[in-house]
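Below you'll find the structure, written out as structure tokens, and then a few comments.
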Amino acid sequence: MATGACAPQTSRCKSTSTKDQYGNYFPAEPNALKLESNFGPMVPDQIGYLQPTTADTPMETMQERFIRDGYLFVKGLLPKDQILQCREAYFQHMAPSGLLLPKTKPVDGIYCGADSRKYLPPGNLRRLFGLQGDAESDKYVELMVSAHEAEFYLTLCNIPELREFVRKFTGWRKETMLQRTMLRAFTPDSELTPVHFDQMYLRAGPPTSLTAWVPIGDISLEGGGLMYLDKSTDIGKQTEEEFARNASNLTDEERVSAFNKNMNDGGFLSRDTVKYGQEAQRKWLITEYESGDVIFHNPFMVHASCKNMDPDNKIRLATDLRFVDSDKPYDKRWMKVYRPLDGL
């Protein structure tokens, strides 16, 4: 697999990709893309690109890049066929909800074109939009939640190549995957992933977890894949320190909650990615993802997504898998299967 190869559906990406003299990868000029936030277009001069690392890169080099950048974007780490099998099985599982365009292949994940708010992921976004109690939406939520315990998804979570990489990368004797995983499908033009960092939700343990964000299928540059605020580990740490200073009036239970009264309703930093990036004076780093890619990040790295504006109307499907060293303290609240509005 060529490093940084474009997703097949993104023709503009294929025609404009380039590298600079230092080998940095630039898939396309930001002003040639249709990138949308919740509050309007993303600002082109505020966009940069995540830099890929090949799976055969020496481990020491990978570790150095992770410490420097806060993320490690590994191309082709996982078997593509297994990723696509999971994608196909997921959309077959979700078909009764009416999510897919009729007479299209489940593996393609082509959106039916309905009101995107009906197909928001379950949890706080649905609550904030008042989408509880609708029969059609409830069916979708039921299927999406049950997918977290489906055999096709559990098989993906236990891909040996991922577990082996985590062990070698961290040096842990045995990696433990937190049972509360996040399997998320974002339809075209739906509400995007708000700005946040993971330690906000894992406060009952030290900041030692490792997140693996696994795209389940190709995601074009405009498809709403995960994006990171450039070198934002320091921002996450400073923000969490500020939250801790303001927590003196809270109980121990409230203090470890991302939804306490000192936080935004919904437990995120902002829904306005453009404004947040401008105030931080940092670029949002994006990329296109291919089946088999994995991006790892530390607990303080600030991240979000653009809206899914995929030119082929494909649904963006991905999962967050979080790993810890179980020989050391960690947030044991996460050792349970995800349920909407479960307090985490």
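The values are calculated or read from the model by the stated rules, or taken from the named source; none is laboratory data. Source: prediction; values computed, not measured. Positions of Cβ are backbone-derived with ideal geometry, glycine not excepted, and every protein chain shown enters the neighbour counts. Side chains included, ligands, DNA and RNA excluded: accessible areas come from the protein's heavy atoms. Shrake-Rupley method; radii C 1.70, N 1.55, O 1.52, S 1.80 Å.
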Task: GNM result for the chain, Cα springs below 10 Å: residue of 89, 185, 32 fluctuating most strongly - done: 32
Task: Dipole of the chain, positive direction: furthest Cα of 181, 120, 233, with charges on the beta-carbon - done: 181
Open item on the list: Given points 7 Å out from each Cα along the Cα-Cβ axis, report the residue 335 to residue 82 separation in nanometres with one decimal.
Closed with: 2.5 nm
Task: As computed over the range 46-91, the Cα convex hull volume per residue (Å³) - done: 109 Å³
Open item on the list: Apply the Karplus curve 6.51 cos²θ - 1.76 cosθ + 1.60, θ = phi - 60°, to the phi angles in the range 60-68 and return the couplings in whole Hz, x for Gly and Pro.
Closed with: 4, 5, 4, 5, 5, 5, 5, 5, 5
Task: Surface per residue (accessible, 1.4 Å probe) for the chain, Å² - done: 43 Å²
Task: GNM result for the chain, Cα springs below 10 Å: residue of 235, 219, 83 fluctuating most strongly - done: 235
- [ ] Quote the accessible area belonging to residue 259 in square angstrom, nearest 10, computed with a 1.4 Å probe and with ligands, DNA and RNA left uncounted.
- [x] 70 Å²
- [ ] Output ³J(HN,Hα) for the range 172-189: one whole-Hz value per residue in order, computed from phi by the Karplus curve 6.51 cos²θ - 1.76 cosθ + 1.60 with θ = phi - 60°, and x for Gly and Pro.
- [x] 6, 4, 8, 6, 10, 8, 4, 5, 7, 9, 10, 9, 10, 10, 10, 6, x, 6
Task: Calculated FRET efficiency for the pair residue 249/residue 161, C-beta based, R₀ 45 Å, to 0.05 - done: 0.45
TODO: Please report, in whole Å, how far the alpha carbons of the range 288-327 spread along each principal axis, starting with the longest.
DONE: 46, 22, 13
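What does the charge add up to near residue 80, with Lys and Arg as +1, Asp and Glu as -1, over the other residues with Cβ less than 12 Å from its Cβ? Don't jump to the answer; show the numbers that get you there.
Numbers: positive: 75, 87; negative: 81, 161, 218, 290, 293.
Net charge around residue 80: -3.
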- [ ] For the chain, with all protein chains present and a 1.4 Å probe, just round the carbon and sulfur fraction of the accessible area to a whole percent.
- [x] 49 percent
TODO: Would you kindly give the portion of the calculated P(r) for the range 272-344 that falls above 16 Å, as a percent of all Cα pairs?
DONE: 69 percent
Open item on the list: One quarter of the convex hull surface, Cα atoms only: what value does that give for the range 198-344 in nm²?
Closed with: 9.7 nm²
Open item on the list: Can you tell me the length gained on complete extension of the stretch residue 65 to residue 39, counting 0.36 nm per residue apart and subtracting the Cα distance?
Closed with: 6.1 nm
Task: Listed residue pairs exceeding 28 Å between alpha carbons, taken from 75/307; 80/237; 168/261; 139/237; 283/332 - done: 80/237; 168/261; 139/237; 283/332
Task: Over 30 Å [Cα-Cα, the chain], rounded percent - done: 32 percent
TODO: Pick out, in residue order, every one of the trypsin sites (Lys or Arg not before Pro) in the range 185-284 that is DSSP loop and has at most 13 other C-beta atoms within 10 Å; say none if there are none.
DONE: 261
Task: Highest to lowest packing among 49-60, 288-299, scored as the average C-beta count within 10 Å - done: 288-299, 49-60
- [ ] For the range 132-198, just the Cα atoms, rotate onto the principal axes and tell me the three extents in Å, largest first.
- [x] 47, 30, 19
